[in-house]
1. Non-local amide H neighbours of A:C147 (under 5 Å, H modeled in plane, Pro and chain starts lacking H): which ones?
2. At what distance in angstrom do the alpha carbon centres of the range B:308-361 and the range B:86-153 lie from each other?
3. Considering only the label points, 7 Å along Cα→Cβ from Cα, what distances in nm to one decimal separate A:T289 from the same position in each other copy, shortest first?
4. Under the Kirkwood approximation for Rh and a Cα-based Rg, what ratio Rg/Rh is obtained for the range A:209-283?
5. Using a label position 7 Å from Cα in the Cα→Cβ direction, what is the ascending list of nm distances from A:A208 to the same site in the other copies?
6. Go ahead and run the numbers for FRET between A:H106 and B:R84, Cβ-Cβ distance against an R0 of 60 Å, rounding to 0.05.
7. Take A:E223 and B:L9, extend 7 Å from each Cα along the Cα→Cβ direction, and tell me the distance between the two endpoints in nm.
8. What is the interface area between chains B and A, defined as buried accessible area summed over both chains with a 1.4 Å probe, reported in Å² to the nearest 100?
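The values are calculated or read from the model by the stated rules, or taken from the named source; none is laboratory data. As the structure is a prediction and not an experimental result, all values here were calculated from the model. Note that each Cβ is placed from the backbone with ideal geometry, even for glycine, and that neighbours are counted across all protein chains shown. For accessibility, only protein heavy atoms count, side chains too; no ligands or nucleic acids. Shrake-Rupley method; radii C 1.70, N 1.55, O 1.52, S 1.80 Å.
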Protein chains: 2
Amino acid sequence: MAPFFSFTLEATDPETGARAGSFTTPHGDILTPSFMPVGTQATVKSLSPEELTDLGAQIILSNTYHLFLRPGADTIARLGGLHRFMRWDHPILTDSGGFQVFSLAHLRTLDEDGVTFRSHIDGSERRLTPERAVAVQEQLGSDVMMCFDECVEYPATRERARVSMERTHRWAERCRNAQTRPDQALFGIIQGGTYEDLRQESARAITALDFPGYAIGGVSVGETKQECWRITGAVTPLLPIDRPRYLMGVGSPEDLVEGVARGVDLFDCVLPTRIARNGSLFTDAGRVTVTRATLREQDAPIDPTCDCYTCRHYSAAYLHHLFKAEELLGYRLASIHNLRYMARLSARMRAAIVDGRYGDWRREFLSGYRVADEAKRQEQRVKRDAAWAATRPALDESAGARRVPQAASPLMEEAS
Amino acid sequence: MAPFFSFTLEATDPETGARAGSFTTPHGDILTPSFMPVGTQATVKSLSPEELTDLGAQIILSNTYHLFLRPGADTIARLGGLHRFMRWDHPILTDSGGFQVFSLAHLRTLDEDGVTFRSHIDGSERRLTPERAVAVQEQLGSDVMMCFDECVEYPATRERARVSMERTHRWAERCRNAQTRPDQALFGIIQGGTYEDLRQESARAITALDFPGYAIGGVSVGETKQECWRITGAVTPLLPIDRPRYLMGVGSPEDLVEGVARGVDLFDCVLPTRIARNGSLFTDAGRVTVTRATLREQDAPIDPTCDCYTCRHYSAAYLHHLFKAEELLGYRLASIHNLRYMARLSARMRAAIVDGRYGDWRREFLSGYRVADEAKRQEQRVKRDAAWAATRPALDESAGARRVPQAASPLMEEAS
């Protein structure tokens with residue numbers, strides 16, 4: 001592990017293998033398990049750094065692909081790096097851009113050396129290679145960088161998954177060799193699709209390269225939850241216990257509980273903030289839709305047991321009104337609540353692990369938490385993909401008509 | 001004046017007649033001149049009450065028409081009134097809904113008793129009368145209520161303006177008679193179109209009813225700035241010096257400076273927050289467009305002389321990026337800046353008045369401030385009206401296609 005980093009495993013749950021640890025970085029320690037809020041474009045949507053600190057965020061994730069395209073890594077470097085640019089003095093993890101290049105970029109052409117693609121913003125031709133992805137992340141100056149990997153689509157044939165995995169291994173070695181800054185930790189990424197034996201082969205190949213942390217990539221791409229947990233459960237036993245483990249793009253509250261039970265330490269997902277902006281708020285009983293009629297005059301907060309800024313200060317009725325009126329403050333208050341929920345959930349899991357009672361805690365939590373059903377999840381995914389497609393005016397001149405209309409009025413509608 | 005209210009005139013500028021005063025209300029004192037940020041739907045768009053307090057807002061305005069339709073005055077009353085509902089413990093002024101009914105509502109029919117109109121939200125038929133407008137404002141519990149007036153369109157014939165003005169006078173008396181709560185001040189509104197003699201007649205009629213404060217209504221409706229100042233200058237000399245004076249719907253920084261020079265104490269306008277969300281920020285040199293290319297890598301804040309949260313903490317480059325990326329935090333940071341600018345401007349005018357040098361201060365300010373030109377103002381008005389029209393899906397099924405697309409992506413676009 002690089003001299004600026006260390007991971008201390010503080011407790012392991014005897015029943016499940018769930019881990020409580022502490023991950024030291026140049027910008028502070030992260031107590032694990034920990035959920036990382038997503039700040040795609042150098043901002044966690046609608047929130048200030050102070051609000052993120054107050055709600056207990058220890059580390060945030062930002063997206064290399066997006067920052068590479070806009071404002072550009074050169075610009076951020078000239079302005080003193082990503083921490084200073086966005087005024088976040090705590091740890092930052094940047095993904096490598098691999099996932100976005102393969103899932104969001106267009107007209108991409110892959111070769112052994114790297115990927116050429118068109119920017120979703122202006123259609124310009126851009127290129128990322130393992131070396132370039134590391135160089136960009138060094139310009140951003142994140143605490144944790146990720147290897148540039150090929151994220152195979154779901155479903156993929158065994159042969160596709162193998163070819164992609166082997167390229168990911170070669171690229172991981174090139175990323176490791178490209179790193180020049182000692183104050184950033186580079187994590188390796190394990191691929192292999194939904195094939196357990198490939199995943200295990202990938203875990204062995206990537207850990208042989210001796211990274212300071214390991215991620216399970218290529219999940220949360222359309223596979224079922226069962227497949228995700230089967231893969232995760234197959235991989236984590238092969239990872240060294242003295243390095244942090246990160247399950248990429250996961251997840252919901254129940255996903256964190258399951259991931260932790262399989263020995264995962266770090267998580268990230270847009271779900272808590274994205275569904276917050278759609279008026280869906282986490283409670284221990286499951287998600288609450290803030291616009292439902294029963295909350296119209298509820299003077300109590302959305303979750304009376306919650307200690308977040310929103311629940312301490314505002315009635316459910318006010319939040320209901322803000323969402324009905326499509327007011328920007330609503331998106332912000334809901335985001336604070338959901339991220340605070342994830343931070344508290346992480347802390348509660350950690351306490352249960354330290355106490356050696358994570359198995360019981362997990363059963364109790366899951367028995368009370370009503371999970372949003374799989375069909376609804378898939379439906380949300382489709383809607384989300386359509387919404388993403390609608391944000392590409394430069395590539396699709398008809399996009400205007402397909403844009404999600406919901407957000408138009410909060411910006412404009414003020415009394416005259 | 002009602003027992004809960006008092007207005008103390010502290011200084012009058014010898015050259016211009018500009019006034020420095022202090023207006024006491026049940027929720028606190030307001031040092032005048034003062035600009036009131038607009039919180040149309042029980043929220044100043046994107047901002048928390050703490051942010052409003054920190055930036056120096058002493059009083060905010062909220063809109064009776066909007067709250068009457070959603071969430072409804074009964075709901076807000078059951079939840080403890082508007083202050084508690086939106087968690088703003090400082091003074092609130094509510095307009096009467098008259099302006100919105102006449103300019104924004106649809107299929108309205110006017111009779112001597114009141115106005116019947118269709119909700120812009122769901123098309124339902126609603127009715128406001130002078131008595132009902134006061135009752136609704138008493139349910140909201142604002143510190144300052146406004147009389148229900150008829151706001152005549154611009155341009156209007158002399159006869160139209162007279163008929164409308166006379167009805168406004170009769171309605172003012174009915175509003176005064178309808179008031180039951182002593183802890184709210186009801187302000188009279190002067191109308192009369194662009195006709196100086198009608199305006200003066202209206203000032204005499206309304207002041208004869210002895211209200212604790214007086215407003216000049218029916219301005220900022222399309223007339224030229226010259227007409228607005230001509231009307232204002234004709235009215236203020238007729239108003240009692242021991243009551244606050246409020247110029248409704250005005251305005252920009254230069255408008256405040258001119259209004260104060262004509263003896264006005266209170267102002268409100270959506271302009272500072274609306275143009276903030278379009279990336280237009282106030283400085284003493286005029287408006288700065290945050291997306292302009294020269295700010296792309298400016299490490300200094302938008303306005304190095306500004307003490308707002310935004311300018312103290314963020315580079316112009318970061319703000320530039322947030323607007324280019326259509327990020328919600330950008331709208332918030334820009335709104336904070338513009339409202340802080342208006343609060344500081346108010347305080348600077350007050351200090352100059354107290355020092356007896358307002359005339360000089362005004363000349364100096366106006367010589368440095370580049371005013372957005374009239375043609376651009378008119379163009380913005382047209383765009384704004386179109387944007388408003390586009391927010392009426394219930395009344396206009398084709399509205400979706402015409403909606404302003406800008407705001408769609410900040411809500412949805414997050415890395416997957």
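1. Here A:F187, A:I189 satisfy the definition.
2. 31
3. So the distances to the same position in the other copies read 4.2 nm.
4. 1.00
5. Counterpart label points of A:A208 in the remaining copies fall at 10.0 nm.
6. Working from the Cβ atoms, E equals 0.75.
7. Placing both labels 7 Å beyond Cα along the Cβ direction yields 7.9 nm.
8. 6500
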